[in-house]
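Read through the structure below, which is laid out as structure tokens, and then see the notes.
The values are calculated or read from the model by the stated rules, or taken from the named source; none is laboratory data. Because the structure is a prediction, the values reported are computed rather than measured. All Cβ positions, glycine included, derive from the backbone under ideal geometry; neighbour counts span all protein chains shown. Accessible surface areas use protein heavy atoms only, side chains included; no ligands, DNA or RNA. Shrake-Rupley method; radii C 1.70, N 1.55, O 1.52, S 1.80 Å.
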Amino acid sequence: MNIAFDESGNTGQNLLDLGQPYFALASVGLTDSEIEDLFKIFDSSAEELHFKSLKKYAKSQRQILELLNHDLINWSTVKYYIVDKEIALIGHIVDRFIEPVMYDNGKDIYKDRTNIIFTNLIYIFGKKSWDRTIVKEFFQKFQEFIRNANEQSIEEFYQTTQKLINSIGEADQTDILDIIIESKK
């Protein structure tokens, strides 16, 4: 059995890249003979085929479709995972700021998956309820803090967090962000 992985959309620590907002990871598991069967679809002597090159030509496009529709390409041989990078960034915020505070207060947010609830709440509030401009600034300041943790980036992150709190009318929606402010200690 041959197992291979490949990714698309990897922008490193730049999880706010507007040109590539998603990250995808895929894997395939096939035997040597299955791989040979699939390679026969393409008129190529290359040992490795790249979509970037193949997509340019009508003939190759038809071959790609034939590959994708082949019986060997199915749920048991191909697995994939797609991530919205904004959710990933929020997950980092939860891990780095909310989790330590909650742990110090006697709550393991990973045990009951509360970390996922926090992540989803920030994501949904950020998309639907909170000032989107300030939310974007909040995410940007977090990313800058992670890339270059110095006194200025730390202070700017907490200032933007407070700015976001101040802009929210619903007190019950600020509880999550209040935990982040508490992490400053």
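Within the stretch 77-87, none of the residues are of a type in the set (Val, Ile, Thr), open to solvent by 30 Å² or more (accessible area, probe 1.4 Å), assigned to a helix (DSSP H, G or I) and touching a strand residue (DSSP E or B) at 6+ places or on another chain (Cβ under 8 Å). When the test is whether a residue is in a helix (DSSP H, G or I) and either over 30 Å from Phe118 (Cβ atoms) or not aromatic (Phe, Trp, Tyr) (or both), Lys59 passes it. You will find that of Ile146, Ile180, the residue that is open to solvent by less than 30 Å² (accessible area, probe 1.4 Å) and either part of a helix (DSSP H, G or I) or at pLDDT 95 or above (or both) is Ile180 and no other. When the test is whether a residue is farther than 30 Å from Leu16 by Cβ, in a loop (DSSP other than H, G, I, E, B) and either charged (D, E, K, R) or open to solvent by 50 Å² or more (accessible area, probe 1.4 Å) (or both), Glu47 passes it.
Within the stretch 165-175, is even one residue open to solvent by 60 Å² or more (accessible area, probe 1.4 Å) and assigned to a loop (DSSP other than H, G, I, E, B)? Yes, because at least one residue in the stretch 165-175 is open to solvent by 60 Å² or more (accessible area, probe 1.4 Å) and assigned to a loop (DSSP other than H, G, I, E, B).
Pairs are defined by a Cβ separation below 6 Å, a sequence spacing of at least 6 or placement on different chains, a first member in the stretch 148-174 that is under 17 Å from Ile90 (Cα atoms), and a second member that is hydroxyl-bearing (Ser, Thr, Tyr); the pairs so defined are Ile165/Thr174.
Taking the numbered list (1) open to solvent by 100 Å² or more (accessible area, probe 1.4 Å); (2) over 30 Å from Lys141 (Cα atoms) in turn, Gln13 passes all entries but (2).
Tell me the residue from Asp37, Asp6, Asp95, Asp71 that is assigned to a loop (DSSP other than H, G, I, E, B) and either in contact (Cβ under 8 Å) with a residue 12 or more places away in the chain or open to solvent by 50 Å² or more (accessible area, probe 1.4 Å) (or both), please. Unique residue meeting the criteria: Asp71.
Entry remark, the stretch 28-56: residues being hydroxyl-bearing (Ser, Thr, Tyr) and closer than 21 Å to Ser8 by Cα number 1 in total.
Within the stretch 112-131, being in contact (Cβ under 8 Å) with a residue 40 or more places away in the chain, of a type outside the set (Phe, Trp, Tyr) and outside any helix (DSSP H, G or I) holds for one residue alone: Ser129. Of the candidates Gln140, Gln162, the single residue that is in a helix (DSSP H, G or I), modelled with pLDDT of 95 or more, open to solvent by 30 Å² or more (accessible area, probe 1.4 Å) and closer than 28 Å to Asn10 by Cα is Gln140. Taking Lys52 as meeting all but one of (1) surrounded by fewer than 14 Cβ atoms within 10 Å (Cβ to Cβ); (2) part of a loop (DSSP other than H, G, I, E, B); (3) modelled with pLDDT under 95, write down the number of the exception. The failed condition is (2).
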